[in-house]
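Each remark here refers to the structure printed beneath this line.
Values quoted throughout were computed directly from the atomic coordinates according to the rules given, and no laboratory measurement underlies them. None of the values given here were measured: they were computed from a predicted structure. FYI the Cβ positions are ideal-geometry reconstructions off the backbone, even for glycines, and counts take in every protein chain you see.
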Amino acid sequence: MSAEQTACMEDYVRHVFICTSTTCAEGDPFGLRLQMSRLLRERLGPEFEQRVKITKTLCLGHCGLGPNMVVYPEGVWYKGVRAADIPEIVERHLIGGQPVERLVLHKLGPRSLAMETLPPPLAAKDPA
Ligand code: FES
């Protein structure tokens, strides 16, 4: 890995994994990903991809509850995410650092959720 790639990865504040497998695929996870990217671009600017990484992934092991996604470093698992939920996930969690509790399926253990160790909210443009 080059020094440039390493520096870029260190800039990531959050990493979202979106399940695109079997039953989750019925909920248009590719569309959710595009919507999330579009909103992040609006709020954080074109360089958002250096702050928030979005990765398509195969089955997360909770089929039938999806579309499911996981956000790190908080280790928050979301279930049943719909297009109408994406603006709140972007605003509250990806930018603000606070999980959207009504969609939470699971959280990693207390050490992973030590809030004092988590990144502060991202600097975002005012919503239009
Ligand atoms: S298909 Fe998405 S969790 Fe299994």
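May I ask you to order 29-40, 55-66 by the average number of other C-beta atoms within 10 Å around their residues, highest value first?
Details: 29-40: 17.8, 55-66: 14.8.
The packing order, highest mean first, is 29-40, 55-66.
Using alpha-carbon pairs under 8 Å, 6+ residues apart, how would you state the relative contact order of the chain in percent?
The value is 28 percent.
What's the extension gain from Leu34 to Glu101 if we count 0.36 nm per residue and subtract their Cα-Cα distance? Mind showing how you got there, number by number?
Working: separation 67, 0.36 × 67 = 24.12 nm, distance 2.26 nm.
The span from Leu34 to Glu101 would gain 21.9 nm if fully extended.
How far is it, in nm, from the label point at Glu91 to the one at Gln50 when both lie 7 Å from their Cα along the line to the Cβ?
Inter-label distance under the simple model: 2.7 nm.
Once the Cβ-Cβ distance between Thr57 and Asp126 is put in as r, and R0 is 22 Å, what FRET efficiency do you end up with, to the nearest 0.05? All intermediate terms of the calculation are to be shown ahead of the outcome.
Details: r = 32 Å, r/R0 = 1.47.
The calculated FRET efficiency here is 0.10.
What does the charge count around Pro46 come to, taking other residues whose C-beta lies under 12 Å from its C-beta (Lys +1, Arg +1, Asp -1, Glu -1)? Walk me through the numbers on the way to the answer.
On the way: positive: Arg38, Arg41, Arg43, Arg51, Lys125; negative: Glu42, Glu47, Glu49.
After counting each charged neighbour, the total is +2.
Could you work out how much longer the chain between Glu26 and Leu118 gets when fully extended? Use 0.36 nm per residue separation minus the Cα distance between them, nm to one decimal.
Values: separation 92, 0.36 × 92 = 33.12 nm, distance 3.27 nm.
Separation in residues times 0.36 nm, less the Cα-Cα distance, equals 29.8 nm.
If you plug each phi of region 73-81 into the Karplus form 6.51 cos²θ - 1.76 cosθ + 1.60 with θ = phi - 60°, what whole-Hz ³J(HN,Hα) values come out, in order, with x for Gly and Pro?
x, 5, x, 9, 9, 10, 10, x, 6
Work from the charge dipole of the chain (Cβ charges, +1 for Lys and Arg, -1 for Asp and Glu, about the Cα centre) and give the residue of Ala25, Leu94, Val13 farthest towards its positive end.
Farthest towards the positive pole: Ala25.
Under 22 Å between alpha carbons, and skipping anything fewer than 8 positions from Lys107 in its own chain: which lysines qualify?
Lys53, Lys56, Lys79
Return the FRET efficiency for the residue pair Leu108, Tyr12: r is the Cβ-Cβ distance, R0 is 25 Å, and the value is rounded to the nearest 0.05. If you can, show how the numbers build up before the last one.
Numbers: r = 18 Å, r/R0 = 0.70.
Efficiency, from the Cβ-Cβ distance: 0.90.
Which net charge results when you count Lys and Arg as +1 and Asp and Glu as -1 among the other residues whose beta-carbon is under 11 Å from that of Glu88?
Numbers: positive: Arg82, Arg92, Arg102; negative: Asp85, Glu91, Glu101.
Value of the local net charge: 0.
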